[in-house]
Amino acid sequence: MRSMERPTQRRQSAAPAGLLATALAAALALAACQTQRPVGLLQRDGDQAMRFGHPEIAVEHYQQWVERQPHRAEAHHSLGLALLEAGRPAEAAEHLTVAYDHEPDNEQYFDDMALSLRQAGRDQTLLATLHSNAVEQGTMRDYLRLGKNLMAIGSMDEAYQALKTAADMDAGRTVEPQLALADMYNRLDRPSEELRRLRMAYAIDRTDQRVLDRLNALDVIPGPSLALPPEQAP
């Protein structure tokens, strides 16, 4: 009879050990959850590090944010900007591209992605894509993006053609092509042409703060007589 009782005793003694292991695993999992910092704090601390000029510290906070929320465009965008500021454009381009892929209508995301690609030495790849988009899709936004990036690498003649095409297609509906042309003339040190484009932008939208700030920088006081109908208006 003793030989038959021993297996039962082993099974009974094994049960508490199994329960103990399960309880320990649960406790460790709970402790891990409790030590994870809330996403809001990661974003806050990353933003603060960027404001104080410490992008490498910001990268650490934003990296955790991306790991926690890998499909959050804002997280990738913040990490990309920190990497760019830290002098790591190739890594930045990866995250800024993800952010743009999530929100393709976000012009700021596109501009930051394009900047990272240029700084990573991939400007020709970027321009080839933009040329292709402009030819195949032919929208005002495509030509505007192409013109801005051509201007950024100093190809002013080609930039003018692309931006002029964008303005023609826009037909005086938005200020963006006029502001881009004003930027180009500013870089070429042609203030009279810059002001002329700003006057057209003012005629399109007299409340746009970007236009008002640019006019203020030129010491120009806005008023009814300042507005100049855009050349491309129908």
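The values are calculated or read from the model by the stated rules, or taken from the named source; none is laboratory data. In this text, all values refer to a predicted model and were calculated from it rather than measured experimentally. Note that we place each Cβ from the backbone using ideal geometry, even for glycine, and neighbour counts take in every protein chain shown. With ligands, DNA and RNA removed, areas are computed over all heavy atoms of the protein, side chains included. Shrake-Rupley method; radii C 1.70, N 1.55, O 1.52, S 1.80 Å.
Exactly which chymotrypsin sites (Phe, Trp or Tyr not before Pro) in the range 45-80 are in a DSSP loop and have at most 12 other Cβ atoms within 10 Å?
Numbers: sites: PHE52, TYR62, TRP65; in loops: PHE52.
Here the sparse-neighbourhood loop sites are PHE52.
How many angstrom lie between the C-alpha centres of the range 144-190 and the range 43-72?
Here the two parts' Cα centres lie 34 Å apart.
Which order do you get for THR129, THR207 if you rank them by accessible area with a 1.4 Å probe, largest at the top? Don't skip to the answer; put the middle values down first.
Numbers: THR129 70, THR207 110 Å².
The residues order as THR207, THR129, largest area first.
I need the shape label for the range 167-217. Rule: rounded when a/c is under 1.5, else prolate if a/b > b/c, else oblate, with a, b, c from the alpha carbon gyration tensor.
Values: a/c = 2.12, a/b = 1.19, b/c = 1.77.
Because a/c hits 1.5 or more and a/b fails to exceed b/c, the range 167-217 counts as oblate.
Which order do ARG72, ARG190 take when ranked by solvent-accessible area (1.4 Å probe, heavy atoms of all protein chains), largest first?
On the way: ARG72 90, ARG190 110 Å².
Greatest to least solvent exposure: ARG190, ARG72.
Go through GLU94, GLU231, GLU107 and list them by solvent-accessible area, largest first, probe radius 1.4 Å. It would help to have the intermediate numbers written out before the result.
Working: GLU94 120, GLU231 95, GLU107 65 Å².
Sorted descending by solvent-accessible area, the residues read GLU94, GLU231, GLU107.
Can you pull the percent of the range 166-216's accessible area that's carbon plus sulfur, 1.4 Å probe, other chains left in place?
Working: 1010 of 2440 Å².
The C+S portion of the solvent-accessible surface of the range 166-216 is 41 percent.
How much accessible surface does SER192 have with a 1.4 Å probe, in Å² rounded to 10?
90
If each residue of separation counts as 0.36 nm, what is the full-extension length gain between ASN216 and HIS102 once their alpha-carbon separation is subtracted? Each step should come with its number before you reach the end.
Numbers: separation 114, 0.36 × 114 = 41.04 nm, distance 3.60 nm.
Between ASN216 and HIS102, full extension yields 37.4 nm more.
Tell me which of ALA217, ALA114, MET151 sits at the most positive position along the dipole axis of the range 100-234, charges placed on C-beta atoms (Lys, Arg +1; Asp, Glu -1).
The Cα lying farthest towards the positive end belongs to ALA217.
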